[in-house]
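For reference, the structure discussed in these notes is given below.
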Amino acid sequence: MDAKVFVYVAHKDGKADDSALELVTAARSMFPGSSPVALVAGSGIDAVCQESAASCGEVWKFDQDVLAYPNAELLRPLLVKVLPAGAMLLLPHNTFGLDLGPGLSVKRGVTYVPDVVGIDGLEGTTLKVVRQEFAGQVSAHVHCAVANGAVITVRSGAFRPAEGGPAAGQVVDRSADATGLTARRKFVELIQAEAGDIDITREDVLVSVGRGIGEKENIALVEELAEAMGATVSCSRPIVDAKWLDRPRQVGTSGKTVKPKVYLALGISGSFQHLGGIKGNPFLLAINKNPKAPIFQAATVGVVADLMELLPVLTEKIRKSR
Ligand SMILES: Cc1cc2nc3c(=O)[nH]c(=O)nc-3n(C[C@H](O)[C@H](O)[C@H](O)COP(=O)(O)OP(=O)(O)OC[C@H]3O[C@@H](n4cnc5c(N)ncnc54)[C@H](O)[C@@H]3O)c2cc1C
């Protein structure tokens, strides 16, 4: 199938979001031989366009003040107008993608393929994708008819960021197509979360604790291990919800996105909301007492063990070896 493929480039502070290069990889894997076109919308976006041109053969630039904040209500009619018949559009599977994708697919009269984590291949005009259900315990293999085109949302972290590609793609200024856009929903203000006393987004080694730690008092075991390793403690969301650790330590889609070199996941099941916050392919060591925990699918090394037994031994060994 000779598909025209587009990837949406989310960006902030003049830089493309990690999801953009992941979408390029996903697009190339779904539609082999295609050269994805990057869609960059915003205000003052030349730097993002240039960055995108390094991995996509073509970049469509929509530079208008009204697009300074990514408002799906504005982008929906714009994309209905500019996307050619049969186009495949890949979006990140986040609140923005979920806001934009379903309505856009209905307006375009094309298939909506949400939350893709893997690809089984393209057979004729049937795209075969993998999705996860029941918090990653079940993989669903889905066949989608994409002859007319599709809107596809791709889960964060499911594909490695694209490397290489054309040396310099062409930036096509299509800002004139984005005039006269109006929305009832208006962007008011972006409130940044407080960094707190630590900034886990800058740490190279994270020891992350999940609900498997059992109770608040046991967090001390994790802190001792982190101290022995010279690492920083982070956590999954239930630990923050229980107020066992502060919110700035939460990793995940509603917490921080981290890019450590080493990540220890202690008693963390491996929900996509948690894994979505881990970028850059760290060495991921998972310790979990359930051998079927989804975290083992993402782990570099997995250890099936009870934290209460293993953590004191591990800490002691590391202390001695230092
Ligand atoms: C909109 C939304 C946003 C979310 N955002 C985030 C987010 O940003 N970050 C996040 O982390 N979650 C987030 N979540 C929650 C997410 O869906 C999961 O519920 C959460 O990640 C699970 O945390 P967990 O792995 O610590 O706990 P659980 O899923 O309960 O897993 C605990 C694990 O510990 C293991 N275990 C138990 N006892 C032991 C033991 N003694 N030794 C070893 N292993 C043991 C168990 O086998 C299990 O695998 C979000 C959810 C929603 C709906």
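Some points to look at:
- Qualifying position, being closer than 21 Å to Asn148 by Cβ and in contact (Cβ under 8 Å) with a residue 60 or more places away in the chain, among Gly124, Gly101: Gly124
- Scanning segment 220-237 for residues that are buried (at least 18 other Cβ atoms within 10 Å of the Cβ) and free of Cβ contacts under 8 Å to residues at least 40 places away in the same chain gives Ala226, Ala231, Thr232, Val233, Ser234, Cys235, Ser236, Arg237.
- Flag if Pro260 is more than 9 Å from the ligand (Cβ to nearest atom) and surrounded by 24 or more Cβ atoms within 10 Å (Cβ to Cβ): yes
- Qualifying residue in segment 168-176 (condition: hydroxyl-bearing (Ser, Thr, Tyr) and under 21 Å from the mean Cα position of the chain (by Cα)): no
- Considering each residue of segment 223-236 in turn, none proves to be more than 9 Å from the ligand (Cβ to nearest atom) and closer than 25 Å to Ala20 by Cα.
- Contacts under 8 angstrom Cβ, first residue in segment 298-322 being at pLDDT 95 or above, partner assigned to a helix (DSSP H, G or I) and among the aromatic types (Phe, Trp, Tyr), 6 or more apart: Gly302/Phe296
- Gln64 at pLDDT 95 or above and either under 17 Å from the mean Cα position of the chain (by Cα) or farther than 20 Å from Ala26 by Cβ (or both): yes
- Selection count where residues are within 7 Å of the ligand (Cβ to nearest atom) and of a type in the set (A, V, I, L, M, F, W, C), scope segment 267-287: 2
- The residue that is nearest to Val205 (Cα to Cα), counting only those in segment 288-309 that are within 6 Å of the ligand (Cβ to nearest atom) and hydrophobic (A, V, I, L, M, F, W, C), is Leu307.
The values are calculated or read from the model by the stated rules, or taken from the named source; none is laboratory data. None of these values were measured; they are calculated from a predicted model. All Cβ positions, even for glycine, are placed from backbone atoms using ideal geometry, and neighbour counts span all protein chains on display.
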